[in-house]
Amino acid sequence: MNTTTDLILIGALAAVWLTAGLLADALPVARTARELRRRARALSALVGAGVAVFLAVPLLTSLLPGESAASTAALLASIPALVVVTVTARRLTQIRRGAAAFATAPLAPAPPALVAAAAHPLVATPLQVTGLAALAGVPIAAGLIEVPGASVAGIVITVTAVVVLALAVRHVVRHSRLNLAVLAPLTRGRLRARPAAVSRSEAYVMLPEEPTAPAKPATHEVDLAA
């Protein structure tokens, strides 16, 4: 078993994804649109580097002689990494494009809608879970934990579920709080229909009734035969 190579590969995998998780946690803190765009670009680059390390693990272990536990250790982080590639990467692209709309005003404050989108649970949670799962694979790569193991697998699954739930709740609460900042201008500036003001000059004034002419007395008919 090439323990040194396994530790290097899994250590690099854990380092990349943990860094991506920390940067994702600080993504909604960006004050300007330019800073938000820069952080989203760096985060996308880290996601690409993490995927590259994932692909390098089975490739290098197959080329090196001897048994290796790196591929087994990397499987722990494969499921959350798949969520990152299919869901989180698309959201990061939307955030970058939204921030790029303010390229002509780099010092413009980050729009509340983009900040709320950056704090969405599907942005930071999969990245942080992938980093923690890759970190949990380090003892496997070092040979301290043998896989498969029923007791160890149960502990790992339980701890992972608790951590995922805690991270998800944290990000949901923050996302909800930032969503309130997006909806606040709409609630404060409600438009109310007001009756049109009628000026005194345009007010309708009823005209007095015209006096009717008195009825003329009936004239006697003249008998032409008389």
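Bear in mind that the values in this text are calculations on the coordinates, not laboratory data. Here the structure is a predicted model, which is why all the values come from computation and not from measurement. Every residue, glycine among them, receives a Cβ derived from its backbone with ideal geometry; neighbour counts consider all protein chains shown.
For this structure, a couple of remarks:
- Highest to lowest packing among 80-93, 55-68, 124-137, scored as the average C-beta count within 10 Å: 124-137, 80-93, 55-68
- Amide hydrogen neighbours beyond the local backbone of T32, cut-off 5 Å, H modeled: A110
- Near-label residues of region 98-138 by backbone N, under 16 Å of a point 7 Å along Cα→Cβ of V163: 124-138
- Amide proton proximity set for A77, modelled H, under 5 Å, gap of 5+: none
- Segment A142-L107, extension gain: residue separation times 0.36 nm, minus the distance between their alpha carbons: 7.8 nm
- Förster-model FRET efficiency, 22 Å R0, R90 and R170, C-beta, rounded to 0.05: 0.50
- The relative contact order of region 24-160 comes to 39 percent, based on Cα pairs under 8 Å that sit 6 or more residues apart.
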